[in-house]
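Undergrad: Just dropping this structure here.
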Amino acid sequence: MNNNDTPKALPGDDYSEIRDGVRRICADFPGSYWRNLDEQEAYPSDFVKAMTDAGFLSALIPEEYGGAGLPLRAAGVVLEEIHACGGNAGATHAQMYTMGTVLRHGSQVQKETYLPQIASGVLRLQAFGVTEPTTGSDTTRLKTRAVRDGDHYVINGQKIWTSRALHSDLMLLLARTTPLEEVERRTDGLSVFLVDMREVIGNGMTIRPIKAMINHNTTEVFFDNMHIPVSSLVGQEGNGLRHIMDGMNAERILVSHESIGDAKWFTKTSVRYANERVVFNRPIGQNQGIQFPIAKAYAASQAAELMVRLASDMFEAGLPCGEQANLCKLLSSEAAWEAAEACVQTHGGFAYAREYDVERKWRECRVQRTAPISTNLILSYVAEHVLGLPRSY
Ligand SMILES: Cc1cc2nc3c(=O)[nH]c(=O)nc-3n(C[C@H](O)[C@H](O)[C@H](O)COP(=O)(O)OP(=O)(O)OC[C@H]3O[C@@H](n4cnc5c(N)ncnc54)[C@H](O)[C@@H]3O)c2cc1C
């Protein structure tokens, strides 16, 4: 069976031109590049530039706004390959999909003003301010307030874990415009704003980097009487949560590709080492205690990849895919973690030596079980919305 005969639902190298293109770029950014950044907590500017110049980050922007107008699966393949090559798409993925809210709900003026510049990389929209320190996953209770004052909104509050905020020109910000006690449904009264950060940094907006387990350039952001023009509102006032949630299936499917790429990297790295490393006069890979965890993780990642592909296909066909998007996020993040654990165990003490990249990738892949949505909240979604069990929170 050649590649063209491979049924769409089975793993195979679809989008081979895109894969080859991404691999060529990644070859210039080997493990040592990512290790140095990790040690210095630095931003991968050169990698982001290479990906932007090659047009990969505009994959999802329609051609009429200067993007490539590719299907979701194609964009996912870009992210998957970055991770399968040992890199990290954390600095690039938001530029791909944060604009989705503007594309779907922005005014014609917003779309014409921002999308072409995001597509060309002149403007970076990679900051997404939703999570807050005191309310966490309970998004509808977030406390950041936006109060209309003539032709401005005045914003007060705080966000946490706003990744890439120091490397972004624009921020998509979720804030409450109507107090919780005045709305009928708690999902009402939240609004989404496209904030031009260049206008407000040091002028109502303060950003502080967070030292974190992984090099994700994440920050906390403070709003102190920050004035933004009314034209920053995206979509309808009070409907912001729904506008943002519209894009969440796409985000979940896309980041699942990163986990699949991680699982591929870990499996490849485990197999290579298990074949090469000789202890007790035999390659360690000859021992079933080493083989089986690698094989089990491989099986889990193959199954997860099928779900990622199904979710991508359903999304592209315009079918409701909340269940599949959540399941693929859950299964792929768990499979990547299983492959990561097998890789660490296979490498014995050398897993801890930074030059092998195993410990870095192990730390990095763990985040997918927490962000952008944690495993528990996916399980709650499945229990309630798919299986019909009572709401647990
Ligand atoms: C590296 C990194 C980057 C991030 N980037 C961004 C970003 O760019 N923008 C942004 O807005 N956010 C970002 N986040 C935040 C991320 O989305 C949140 O960390 C995540 O949604 C969980 O929220 P929390 O940390 O407040 O945990 P909490 O809500 O405090 O939850 C803590 C634990 O309790 C569990 N839990 C809570 N309630 C329930 C319940 N009812 N049932 C079962 N379990 C429950 C959670 O699942 C979790 O395991 C990032 C986080 C990290 C770590």
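Undergrad: Once you've got the Cα coordinates, tell me which of K159/K264; K49/K264; K111/K329; K296/K361; K264/K361; K211/K329 are over 22 Å apart.
TA: Working: K159/K264 34 Å; K49/K264 25 Å; K111/K329 29 Å; K296/K361 19 Å; K264/K361 12 Å; K211/K329 26 Å.
The pairs that break the limit, which is 22 Å between Cα atoms, are K159/K264; K49/K264; K111/K329; K211/K329.
Undergrad: Relative to the longest principal axis of the C-alpha atoms of the chain, give the angle of the C-alpha long axis of helix 31-40, reported between 0 and 90° and rounded to the nearest 10°.
TA: Between the helix axis and the principal axis of the chain, the angle is about 50 degrees.
Undergrad: Isolated Cys in the chain by the 4.7 Å beta carbon test?
TA: C321, C328, C343, C365
Undergrad: Another question about this same structure. For E364, E63, what's the largest-to-smallest order of accessible area, 1.4 Å probe?
TA: E63, E364
Undergrad: Sort the following peptides by mean Cβ neighbour count (other Cβ atoms within 10 Å, averaged over residues), highest first: 156-166, 22-32. Present the calculation step by step, with values, prior to reporting the outcome.
TA: Numbers: 156-166: 21.1, 22-32: 15.3.
Per-residue mean Cβ counts within 10 Å order the peptides as 156-166, 22-32.
Undergrad: Something else: Express in nm, to one decimal, how much length is gained between S45 and A212 on full extension, taking 0.36 nm for each residue of separation and deducting their alpha carbon distance.
TA: Separation in residues times 0.36 nm, less the Cα-Cα distance, equals 58.2 nm.
Undergrad: I've got another one for you. Among G67, G86, G21, which one shows the biggest mean-square fluctuation in a GNM of the chain, springs joining Cα atoms closer than 10 Å?
TA: In the Gaussian network model the winner is G21.
Undergrad: Along the range 109-119, what does the Karplus equation 6.51 cos²θ - 1.76 cosθ + 1.60 (θ = phi - 60°) give for ³J(HN,Hα), rounded to whole Hz, x for Gly and Pro?
TA: Each residue of the range 109-119 in turn: 5, 4, 5, 5, 6, 9, 4, x, 6, 5, 4 Hz.
Undergrad: How large a share of the accessible area of the chain, in percent, is made up of carbon and sulfur atoms when the probe is 1.4 Å and the other protein chains stay in place?
TA: 52 percent
Undergrad: I need the peptides 227-238, 296-307 ranked by packing, meaning the mean over residues of other C-beta atoms within 10 angstrom, with the highest value on top.
TA: Result, highest mean first: 296-307, 227-238.
Undergrad: So, for the chain, what is the accessible surface per residue at a probe of 1.4 Å, expressed in square angstrom?
TA: About 46 Å² of surface per residue is accessible.
The values are calculated or read from the model by the stated rules, or taken from the named source; none is laboratory data. Computed from a predicted structure; not experimentally measured. Note that each Cβ is placed from the backbone with ideal geometry, even for glycine, and that neighbours are counted across all protein chains shown. Note: accessible area is taken over every heavy atom of the protein model, side chains too, but ligands, DNA and RNA are not part of it. Shrake-Rupley method; radii C 1.70, N 1.55, O 1.52, S 1.80 Å.
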